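The values are calculated or read from the model by the stated rules, or taken from the named source; none is laboratory data. Remember, predicted model here, so these are calculated numbers, not experimental data. Quick reminder, even Gly has a Cβ in these numbers, built from the backbone with ideal geometry, and neighbours come from all protein chains shown. Keep in mind that these areas ignore ligands, DNA and RNA; they rest on the heavy atoms of the full protein, side chains included. Shrake-Rupley method; radii C 1.70, N 1.55, O 1.52, S 1.80 Å.
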Amino acid sequence: DFVFWFVTAICLAIFALVASVSVYSVWKFRAKPDDDSDGPPIHGHTGLEIIWTAVPFVLVTAIAIVSTVFLVRSERLAADHMTVEVLARQFTWRFTYPDHNDLSSATLRLPVGVPVELKMQSNDVLHSFFVPEFRVKRDVVPGEEQRIVFTPSKVGEYTLACYELCGIGHAFMRNRVLVLDGPAFDEWVRRQQDALEAPGGEGGRAVFEE
């Protein structure tokens with residue numbers, strides 16, 4: 001968010017300056033309706049040319065530095081992180097929790113405030129993982145493992161969608177993402193484990209419905 005607003009503020013400032021000079025020039029130096037003469041020859045202004053070359057250079061350099069710092073910081077993985085394995089296929093997502101006895105779910109559930117590493121693979125074609133509120137997006141390429149690192153900061157329900165055209169059912173490739181507080185997440189893990197240990201097919205049915 002900081003990088004976005006940092007770049008946006010710079011763009012708005014430059015736009016306001018250029019638009020103001022343009023409007024002023026049109027008003028101040030416009031030719032009269034019956035004036036068909038050529039304008040006076042004007043030589044370039046060396047100082048002005050240096051300024052409008054140096055200022056964009058400084059601004060673009062600042063954007064590059066800020067973006068690099070935040071990109072490196074966002075990829076840093078904490079020692080106490082949680083890993084989730086993500087499998088994309090036409091036309092749904094599947095999430096497995098190796099830190100919790102390989103529990104599996106069609107809904108991505110995450111504890112708030114806990115760093116998460118998603119290890120993502122595609123079962124068939126190119127997909128793209130994107131939850132807009134999380135500010136992270138990554139293509140999921142067949143034959144390669146892609147990863148995303150982030151920390152959910154707000155409890156709530158979000159929507160995960162595939163943002164790469166992946167076939168006739170692409171528009172329906174949407175799954176829920178639930179960010180839960182710690183006790184609620186632990187309770188879900190416990191229920192899932194109890195369901196798996198249930199006799200007969202009831203455990204599998206309960207896990208599938210989750």
With x for Gly and Pro, the residue-by-residue ³J(HN,Hα) of segment 100-111, computed from phi through the Karplus equation 6.51 cos²θ - 1.76 cosθ + 1.60 at θ = phi - 60° and given in whole Hz, is 10, 6, 6, 4, 10, 7, 8, 10, 7, 10, 9, x
Helix 2-28 sits off the longest principal axis of the Cα atoms of the chain, rounded to the nearest 10 on a 0 to 90 degree scale, by 20 degrees
Long-range amide H partners of Val131, meaning residues 5 or more apart or on another chain whose placed amide H is closer than 5 Å, are Val136
GNM of the chain, Cα pairs under 10 angstrom: of Arg176, Arg89, Arg135, the biggest fluctuation goes to Arg135
Once the mean of 1/r over all distinct C-alpha pairs in segment 1-42 is inverted, the Kirkwood radius in Å reads 13.1 Å
Ranking Val177, Ile10, Pro41 by how far each Cα lies towards the positive end of the charge dipole of the chain (+1 on Lys and Arg Cβ, -1 on Asp and Glu Cβ), the top one is Pro41
Note to self, the chain gives a 222 nm [θ] from helices alone (DSSP H runs n ≥ 4, -39500 (n - 2.57) apiece, / all residues, nearest 500) of -13000 deg cm²/dmol
Accessible-area order for Leu196, Leu110, largest to smallest, probe 1.4 angstrom, reads Leu196, Leu110
Expressed in square angstrom to the nearest 10, the accessible area of Leu178 with a 1.4 Å probe stands at 30 Å²
Comparing Ala54, Ala106, Ala78 in a Gaussian network model of the chain (Cα, 10 Å), the one with the largest mean-square fluctuation is Ala54
Mean accessible area per residue over the chain (1.4 angstrom probe, all protein chains present, square angstrom) is 66 Å²
Subtracting the Cα-Cα distance of Phe70 and Ala13 from 0.36 nm times their residue separation yields 18.3 nm
Accessible-area order for Leu77, Leu118, largest to smallest, probe 1.4 angstrom, reads Leu77, Leu118
Reported to the nearest 10 Å², Ser22 has, with a 1.4 Å probe, an accessible area equal to 60 Å²
Helix 182-196: inclination vs the chain longest Cα principal axis, degrees, rounded to 10, gives 40 degrees
Out of Asp34, Asp194, Asp181, a Gaussian network model of the chain with alpha-carbon springs under 10 Å gives the largest mean-square fluctuation to Asp34
Across 10 Å bins beginning at 0, the whole-percent shares of Cα-Cα pair distances in segment 13-131 come to 9, 21, 18, 12, 13, 13, 10, 3, 0
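Ordering Tyr158, Tyr97, Tyr163 by accessible area with a probe of 1.4 Å, largest first, what comes out?
Most to least solvent-accessible, the answer reads Tyr163, Tyr158, Tyr97.
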The size of the Cβ-based charge dipole (Lys, Arg +1; Asp, Glu -1) of the chain about the Cα centre, to the nearest 20 debye, is 320 debye
Using eta = 1.306 mPa s and T = 10 °C, Stokes-Einstein with Kirkwood Rh from Cα pairs puts D for the chain, in µm² s⁻¹, at 74 µm²/s
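Given a 1.4 Å probe and every protein chain left where it sits, what share in percent of the accessible area of segment 74-175 is carbon and sulfur?
Answer for segment 74-175 is 49 percent, counting heavy atoms of protein chains only.
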Rg/Rh of segment 108-181 (Cα atoms, Kirkwood Rh), to two decimals, equals 0.97
Expressed as a whole-number percentage, the relative contact order of the chain with C-alpha contacts under 8 angstrom and at least six residues apart is 17 percent
